[in-house]
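The structure appears right after this line, and notes come after that.
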Amino acid sequence: MNPSIEITIPILNEEATLDKQVRAAHHYIENNLSDLGEITIILADNGSTDATPNIAGSLAQELVGVRYLRLEQRGVGRALKASWGRSKAGIVGYMDLDLATDLRYLRPALEKLRAEESDIVTGSRIAKGARVIGRSAVRSFTSRCFNLIVKTIFRTSFSDGMCGFKFLHRSCLENLMEAGATSDGWIFATEILITGEYLGYRIHDLAVEWTDDPDSKVKIGKLAIEYLKAMHALRQRLPTRKKSA
């Protein structure tokens, strides 16, 4: 029996692209992944103040397999915790609304989990075989620096903690959060990987094709400070020894 799957897409003030991107993801899933079982898209709105709630609500009413979740406070981590925390699906995950990671990588990610070959699957723009399209040298350098920081502090083996394409068995979530994955910000997804390694979960690095979003709202300077603070805080929360899951 196939486990049900929920894919969360965090959204914040996305009125310009929300309808188009959600329809694209929904169409792809319906036409290419129906054999994997029930797959639901959760639109996790964390504090939008534009027309996003109306658009998301309309999509949820129109499209079978799309649901809308509204949070008044902002934060990607907050949105993911709220969505995954109330889920009953066997497999949960998330991807960014810009669909920067090509949708064809949904199948290998989900099949890896369905076959019980991994506990967590993470997209990687750095692993051998990955391809990055349209990314500036500055953003590429910054991403590699962030990942080097993680490897230096936590001695991790996964290659790309920041890629917005991650999936896991929901049964792992409670242990991951108890071990230190608690951030309300976008860094929560990186914390999932770090705590996953500390707990001995099997993490699969999935090399993906990733296309840069030229309209990205990320501010690198602010992001760097937030990232360093979060990594320091996580280091204090983590157990001193790795344990077996």
Legend entry - helices (runs of 4 or more DSSP H) wholly inside segment 1-116 containing at least 2 residues that are touching a helix residue (DSSP H, G or I) at 6+ places or on another chain (Cβ under 6 Å): 18-32, 52-62, 76-85
Legend entry - Considering residues of segment 1-48 that are free of Cβ contacts under 8 Å to residues at least 12 places away in the same chain and charged (D, E, K, R) only, the residue surrounded by the most Cβ atoms within 10 Å (Cβ to Cβ): 20
Inset, instruction - Could you check, for segment 205-221, whether at least one of its residues is assigned to a helix (DSSP H, G or I) and either more than 25 Å from residue 89 (Cβ to Cβ) or at pLDDT 95 or above (or both)? - result: yes
Legend entry - Residue selected from segment 146-162 under the condition touching a residue at least 24 places away in the same chain (Cβ under 8 Å) and over 16 Å from residue 196 (Cα atoms), by the criterion surrounded by the most Cβ atoms within 10 Å (Cβ to Cβ): 146
Inset, instruction - Would you check which residues across segment 150-165 are of a type outside the set (Asp, Glu) and not in a helix (DSSP H, G or I) and list them? - result: 155, 156, 157, 158, 159, 161, 162, 163, 164, 165
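Residue under question is residue 72, and the condition is that it be in contact with a Gly (Cβ under 8 Å, 6 or more places away or on another chain), more than 15 Å from residue 9 (Cβ to Cβ) and not β-branched (Val, Ile, Thr); does it hold?
Working: in contact with a Gly (Cβ under 8 Å, 6 or more places away or on another chain): yes; more than 15 Å from residue 9 (Cβ to Cβ): yes; not β-branched (Val, Ile, Thr): yes.
Yes; evaluated as a whole, the condition is true for this residue.
The values are calculated or read from the model by the stated rules, or taken from the named source; none is laboratory data. As the structure is a prediction and not an experimental result, all values here were calculated from the model. So basically every Cβ, Gly included, is an ideal-geometry build from the backbone, and we count neighbours across all protein chains shown.
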